[in-house]
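Some notes on the structure that comes next.
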Amino acid sequence: MKLLLFDIDQTILNSGGAGEKALTQALRDRFGREETLENIEIAGKTDLWIAHRIFEAHGIEAHPENVRHFLDGYLDHLKTELGRNQGRLLPGFPQILDALARLPNVAVGLLTGNLRRGADLKLGHYGVLDRFTFGAFADDSHERNRLGPFARQRAAEAHGTDFQPEDIYIIGDTPHDIACAKAIQARAVGVATGRYSRAALEAAGADFVFDDLSDVEQVIRRLQLADP
């Protein structure tokens, strides 16, 4: 079997800035600080990593209670902001998920920097939550490169098979997704639907790069997911 692990933001969907707005509102409400996030790297990072960088920038102690307090506020605001912002599913969704579901040798999961609750809110808002039954999330580690083994183990439990690295595809829009794939010797699939260009993803070492996932048949063919 093949295992495909999808990133969420700028790979499956664009939330229209809902996540960033929820972060800034949580910081204001919980700690009385204003933040534009201009100097905080977000793309490809985990929610826990982002929280720690925001705290560093504002001199807030990153002890567990503060982090939990902040992230709870973020999730509260996220639900509201998803309804306020003009987000969308990105090209190829949900069509590619429909096509993959018809392939008996393919399993689909998530590998995302979102907290599990945040992932559920975003995917649920755009109607694709039920397509994913397992994955790895920021709850598992603040370092994205440590998420691969969690996703692999949960895939094994869900499908009763030990997926080999060469049969795992990690799909995302940033060099961090590429590095995450390399960390477990999986295949790295870059999608240039975020802030990083095709050239940047290729330079990061992606095994495959697509402008987007709208040509579902081409994606399946290039990744050799279907039987000849």
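Things worth noting here:
- Given (1) surrounded by 22 or more Cβ atoms within 10 Å (Cβ to Cβ); (2) out of contact with any Cys (no Cβ under 9 Å at 6 or more places or on another chain), index of the condition ALA186 fails: (2)
- Residue identified as among the hydrophobic types (A, V, I, L, M, F, W, C) and surrounded by fewer than 15 Cβ atoms within 10 Å (Cβ to Cβ) among ALA199, ALA206, ALA192: ALA199
- Matching residues, region 95-128, being among the polar types (S, T, N, Q) and either surrounded by 22 or more Cβ atoms within 10 Å (Cβ to Cβ) or in contact with a His (Cβ under 7 Å, 6 or more places away or on another chain) (or both): THR112, ASN114
- Among (1) closer than 21 Å to ARG53 by Cα; (2) in contact (Cβ under 8 Å) with a residue 60 or more places away in the chain - the single one GLY16 does not satisfy: (1)
- Scanning region 105-159 for residues being within 15 Å of ILE50 (Cα to Cα) and among the aliphatic types (A, V, I, L, M) gives a total of 2.
Each row is one residue, and each column tells you yes or no for (1) in the same structural domain as ALA192 (by TED's automatic domain parsing); (2) modelled with pLDDT under 90; (3) in contact with an Asp or Glu (Cβ under 9 Å, 6 or more places away or on another chain).
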| residue | (1), (2), (3) |
| --- | --- |
| ASP7 | yes, no, yes |
| ARG28 | no, yes, yes |
| LEU37 | no, yes, yes |
| ALA51 | no, yes, no |
| PHE55 | no, yes, yes |
| GLY59 | no, yes, no |
| ALA62 | no, yes, yes |
| LEU71 | no, no, yes |
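- Among the residues of region 197-228, those that are basic (Lys, Arg) and either closer than 21 Å to ASP9 by Cβ or touching a strand residue (DSSP E or B) at 6+ places or on another chain (Cβ under 9 Å) (or both) comprise ARG198, ARG222.
- Residue that is free of Cβ contacts under 8 Å to residues at least 12 places away in the same chain and part of a helix (DSSP H, G or I), where the choices are ASP130, ASP140: ASP130
The values are calculated or read from the model by the stated rules, or taken from the named source; none is laboratory data. Just so it is clear, the model here is predicted, and its values are computed rather than measured. Every residue, glycine as well, gets a Cβ built from its backbone with ideal geometry; the counts of neighbours run over all protein chains shown.
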